[in-house]
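A.B. asks: After the structure tokens below, expect a handful of questions from me.
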Amino acid sequence: MSKKYDQMKKRIYDLELLVGLQPTPVSTLNPCNSACEEITMNTANATVTVEKKTYETERRSLRDAVFTARTTKDSELRKHYNIDCIDSEDLSPKELVDAIKSDKFKYKEDGEYSEKKNWYCSPLSGICFCDPDKKPNHEDYYKARDKMTEDANKVNLDISVLEPSESLKSYRKFEERKYH
């Protein structure tokens, strides 16, 4: 998993800890911050201030987590259905040599790599590694991606309308689900 994904998991863990806490009433020691909406009611004898928590930070964190999980799942789908090849940076030197020896590579079709002087860092940037015998399965990829997008949209809707603790449950189900 990527470093960004691990950071997002940490943010979700922190969010779980936050969600378990009960919001404290507004007092002079705990004024309402920018993530809260302060409501003041005037009565005959006193002014009462009540805190209405909007959970902006928690919702933003959950939306970021959904985006990261969706991006990770899309990458997994693309690899599973042979849509993308693997770049040389993702292979160890031994895997790289083995792939070249067994003809499991193809040249990138981009015109910028056609001449020797245009290589970026290495001539390997003009090669991607994959099994040429495995054909891309675009039809099944698009079906799986559309289902994943539909589920991600449902989770984002839950984040908008539910309490963060309930939205977190919805996110966890999405995160665990496999689409291939």
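A.B. asks: Residue under question is GLU115, and the condition is that it be at pLDDT below 70 and closer than 26 Å to TYR81 by Cα; does it hold?
C.D. replies: Working: at pLDDT below 70: yes; closer than 26 Å to TYR81 by Cα: no.
When the stated conditions are applied, GLU115 does not pass them.
A.B. asks: Could you tell me which residue of segment 50-79 is modelled with the lowest pLDDT, considering only residues that are hydroxyl-bearing (Ser, Thr, Tyr) and either surrounded by fewer than 21 Cβ atoms within 10 Å (Cβ to Cβ) or in a helix (DSSP H, G or I) (or both)?
C.D. replies: Looking only at segment 50-79, we keep the residues that are hydroxyl-bearing (Ser, Thr, Tyr), and these are 54-55, 57, 61, 68, 71-72, 75.
If we keep only those that are either surrounded by fewer than 21 Cβ atoms within 10 Å (Cβ to Cβ) or in a helix (DSSP H, G or I) (or both) too, we end up with 54, 57, 61, 68, 71-72, 75.
Working: THR54: 71, THR57: 88, SER61: 93, THR68: 95, THR71: 94, THR72: 93, SER75: 89.
This residue is THR54.
A.B. asks: Okay, moving on. Of all residues being touching a Lys or Arg at 6+ places or on another chain (Cβ under 7 Å) and within 30 Å of LEU91 (Cα to Cα) in segment 142-180, which is modelled with the highest pLDDT? Just the residue, please.
C.D. replies: MET148
A.B. asks: Evaluate the following for GLU38: is it out of contact with any Pro (no Cβ under 7 Å at 6 or more places or on another chain), at pLDDT below 80 and in a strand (DSSP E or B)? Reasoning before the result, please.
C.D. replies: On the way: out of contact with any Pro (no Cβ under 7 Å at 6 or more places or on another chain): yes; at pLDDT below 80: yes; in a strand (DSSP E or B): yes.
Yes; evaluated as a whole, the condition is true for this residue.
A.B. asks: Then there is this: Within segment 122-180, count every residue that is without any contact (Cβ under 8 Å) to a residue 12 or more places away in the chain, closer than 30 Å to PHE105 by Cα and exposed (fewer than 13 other Cβ atoms within 10 Å of the Cβ).
C.D. replies: Count: 5.
The values are calculated or read from the model by the stated rules, or taken from the named source; none is laboratory data. Predicted model, so just to flag it, every value in this text is computed and none were measured. In this analysis, Cβ positions are derived from the backbone assuming ideal geometry, glycine residues included, and neighbour counts consider all displayed protein chains.
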